[in-house]
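The values are calculated or read from the model by the stated rules, or taken from the named source; none is laboratory data. For clarity, every value in this text was computed on a predicted model and none was experimentally measured. Virtual Cβ from ideal backbone geometry, glycine too; neighbours counted across all protein chains shown. Heads up: the accessible areas ignore ligands, DNA and RNA and are worked out on the full protein's heavy atoms, side chains in. Shrake-Rupley method; radii C 1.70, N 1.55, O 1.52, S 1.80 Å.
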Amino acid sequence: MKKISLLGATGSIGMQTVDILLAYPEQFKLVAFSSGKNIEKTIEIIKQLQPELVSVQEEQDVIELQKQFPTVHFTYGKKGLVEVATHPDTTVLLNAVLGSIGLESTLAAIRMGKTIAIANKETLVTAGHIVMAEAKKHNVAILPVDSEHSAIFQSMNGENRKQVSRIIITASGGSFRDKTREELKHVTVKEALNHPNWSMGAKITIDSATMMNKGLEVIEAHVLFDMPYDNIDVLLHKESIIHSLVEYDDTSVIAQLGTPDMRVPIQYALSYPDRLPLKNSTRLNLAQIGQLNFKEVDFDRYRALKLAYEAGRTGGTILTAMNAANEAAVSLFLQEKISFLQIDEVIEQIMNDHNNILLPDLETILHVDSETRKTVLSMVQ
């Protein structure tokens, strides 16, 4: 039995992880998890999976939860995330929190030798050089949970990675893939949250609409698979059936296909190297689908993706600044304080004004992250 710690249990990835843990109680045991402000869902998960340790966002929630569940240990805040990640009984940490808040807890888990299943792009984007160096030092496996990186990982299984010539990451194009940039000037939050293929949280859905999610995935692929940016392509594929492809030196291309269901990569990361039946799933029927469509990416149309490539090639703290600016700008858009196109404009301005530091330490990364968020807020006040 694998003993699991889960960061971000009440989010979209977290709840789908909970479904898998409930489906396979003989395979997995949830020993610790963190949640945010959704206390109703937190209580439901405690009742379903009976963990030993739970961390919440606010201290006042700890008091009420402790009364209700006297045998469970409760904690809160950033310190609580680290406690969940480093629980002594845990063998696998699944990081499904949003944003760079998951960075310190992931590093703490790596240093304790725990396997990391990572659904948190920002940890690798902002501090990939630190994370991978620590994983190598402590002989820790980093297993991707993103559908695209799981597809790449699966397409490389059993192959010589030195013979990979190119990685091709597919992108649905998001909520507005059929609109021109001019037509995006007045789109609403509600329209942006209507993703055509995937069921995801609000922040990731907006990132999909701007294609910043694909930019973060390009950077993540560079970090995870040690692939130069010139050898990582993005291909528009509106059906989201091919999740990514790997091209080898002999021109062979290996791809991973499946219906758009995030439980597939989540379960694979948890069960690896084994595969378990996916309960209540839809099998891929290519005859029924009939055809698959592909299109080159227009970097002028998807400016956020272009900015991500630029930040990736530059390296250093500009990656942290770009990511923090994006998180802050998306939050402002969701609050209807800025327009959709202003998300890109905010990121670009932050990057243009940034004084870059190559190979930053953790303290520098956290400082840049915090200061960038403050700057973005000051820009719109």
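Numerical summary
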| item | result |
| --- | --- |
| Mean Cβ count within 10 Å, highest first, over the residues of peptides 306-313, 284-291, 7-14 | 7-14, 306-313, 284-291 |
| Cβ-defined net charge surrounding Thr90, 14 Å radius [Lys, Arg +1; Asp, Glu -1] | +2 |
| Packing-based order for 176-188, 23-35, 132-144, using average beta carbon neighbours within 10 Å, highest first | 23-35, 132-144, 176-188 |
| Once the Cα gyration tensor of the stretch 169-272 is diagonalised, semi-axes √(5λ) in Å | 26, 17, 13 |
| Calculated over the stretch 102-190: convex hull of Cα atoms, volume per residue (Å³) | 157 Å³ |
| Amide H contacts under 5 Å for Leu30, placed H, 5+ residues apart | Ile4 |
| Amide H contacts under 5 Å for Glu239, placed H, 5+ residues apart | Asn293 |
| Nearby lysines by direct alpha-carbon distance to Lys190 (threshold 27 angstrom, same-chain neighbours under 8 apart not counted) | Lys37, Lys41, Lys121, Lys179, Lys203, Lys214, Lys238, Lys295, Lys306, Lys337, Lys374 |
| Size of charge dipole - the stretch 75-147 - debye, nearest 20, with Cβ of Lys, Arg +1 and Asp, Glu -1, no other charges | 160 debye |
| Residues of the chain: accessible area per residue with a 1.4 Å probe, Å² | 45 Å² |
| Surface share of carbon and sulfur [accessible, 1.4 angstrom probe, percent] for the chain | 48 percent |
| Förster-model FRET efficiency, 22 Å R0, Glu183 and Glu336, C-beta, rounded to 0.05 | 0.70 |
| Shape box of the stretch 50-152 [Cα atoms, principal axes, largest first, Å] | 45, 24, 23 |
| Among Ala328, Ala127, Ala96: highest mean-square fluctuation, GNM of the chain, C-alpha pairs under 10 Å | Ala328 |
| Prolate/oblate/rounded label for the stretch 13-73 (Cα gyration tensor, a/c 1.5) | prolate |
| For Gln60, net neighbour charge (Lys/Arg +1, Asp/Glu -1) across residues whose Cβ lies under 14 Å away | -2 |
| The chain: relative contact order in percent, alpha carbon pairs under 8 Å with at least 6 residues between | 15 percent |
| Most fluctuating residue given options Val223, Val84, Val189, as computed from a GNM of the chain linking Cα atoms under 10 Å | Val189 |
| Phi to ³J(HN,Hα) by Karplus 6.51 cos²θ - 1.76 cosθ + 1.60 over the stretch 243-256, Hz, x for Gly, Pro | 8, 4, 9, 10, 9, 10, 4, 8, 6, 5, 10, 10, 10, 10 |
| Using distinct alpha-carbon pairs, which all enter the 1/r mean, Kirkwood radius of the chain in Å | 21.2 Å |
| Local electrostatic count at Pro265 - Lys and Arg +1, Asp and Glu -1, tallied over other residues with Cβ under 15 Å | -4 |
| Shape metrics for the stretch 212-297, restricted to C-alpha atoms - Rg then Dmax, Å | 14.6, 40 |
